[in-house]
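Read the structure below first, then the notes.
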């Protein structure tokens, strides 16, 4: 039997070719999950957990109102192309049923607020659930875990990356929660009152001990009655609230009317239900909360 000698340099080349084939094979099996989120705040949290393995599209655009959103035919196309769809739930996305029918979507969206301790209240004589769960950071920690688990179900191959991303983001959320509590603690308890456009800070107020007042109810679609506005004006005068805030995604006229009647001064714009465009003061969730808390604290510290 003849022993055939390989040419000098053949073995390194063969190994290189083998490794190239393995890399190309891995790249061929790697996937990008196409995720759709209902609005920008939620889209950002999905993006934090998904990292480079997930492409995220928000249906409601930056500075858009998730209550009054009107889906377009293009939005139906986004649903048709999605591997997974994320909603906050609890009555926020009332338009999603119409959109899913138009898109022929028969899947089950992920409701990220499952497990959140809900804030129930009475509005116009009816028991209602406050959908604005993300304005309390511990609730977004629940979002993060729900998003992580949903992405693992869709793409188990990248489970470790999703777990690592979620763990890192949970640390940042924990730090954010401490930041809020430390900032609020600088304000005397009898000054922790804020006037905003609509009742979107119920979870924030409950979690951090701030009283939030607003002429409109839970949705920007609701209309405040003259009696409700008059009662709010009396309450503000009694409590001595001196600053009001506009909201980036809401009509400011009603809160400005209340401010004029009470002498409250403008304190700036809060980002309540929508992020700012990239480069703005609230381009991601953590920046949004930092911005809002800093404005509120500044106004409450100045109250007298």
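So the values come out like this:
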| item | result |
| --- | --- |
| Condition met for residue 99 (modelled with pLDDT of 95 or more and more than 14 Å from the chain's Cα centre (by Cα)) | yes |
| Pick from the range 177-212, criterion in contact with a strand residue (DSSP E or B) (Cβ under 7 Å, 6 or more places away or on another chain) and in a loop (DSSP other than H, G, I, E, B), ranking: nearest to residue 289 (Cα to Cα) | 201 |
| Which numbered condition residue 8 fails, given (1) at pLDDT below 95; (2) in a helix (DSSP H, G or I) | (2) |
| Flag if residue 73 is surrounded by 18 or more Cβ atoms within 10 Å (Cβ to Cβ) and farther than 29 Å from residue 156 by Cα | no |
| Residue match in the range 129-147 (condition: outside the structural domain of residue 275 (by TED's automatic domain parsing), touching a strand residue (DSSP E or B) at 6+ places or on another chain (Cβ under 8 Å) and modelled with pLDDT of 95 or more) | yes |
| Number of the condition not met by residue 85 [criteria: (1) more than 15 Å from the chain's Cα centre (by Cα); (2) more than 27 Å from residue 292 (Cβ to Cβ)] | (1) |
| Subset tally (residues that are out of contact with any strand residue (DSSP E or B) (no Cβ under 6 Å at 6 or more places or on another chain) and under 17 Å from residue 284 (Cα atoms)) for the range 57-89 | 9 |
| Pick from the range 95-114, criterion exposed (fewer than 12 other Cβ atoms within 10 Å of the Cβ) and in contact (Cβ under 8 Å) with a residue 24 or more places away in the chain, ranking: farthest from residue 83 (Cα to Cα) | 114 |
| Set 181, 172, 206, 193: member being touching a residue at least 24 places away in the same chain (Cβ under 8 Å), farther than 30 Å from residue 260 by Cα and more than 16 Å from the chain's Cα centre (by Cα) | 181 |
| Sole exception among (1) crowded, with 19+ Cβ neighbours inside 10 Å; (2) modelled with pLDDT of 95 or more for residue 290, by number | (1) |
| Lone qualifier among 125, 89 - being on the phi > 0 side of the Ramachandran plot, surrounded by 18 or more Cβ atoms within 10 Å (Cβ to Cβ) and out of contact with any helix residue (DSSP H, G or I) (no Cβ under 7 Å at 6 or more places or on another chain) | 89 |
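The values are calculated or read from the model by the stated rules, or taken from the named source; none is laboratory data. Keep in mind it's a predicted model, so treat the numbers as computed, not measured. Please note: Cβ atoms are built from the backbone with ideal geometry, for glycine as well, and neighbour counts cover all protein chains shown.
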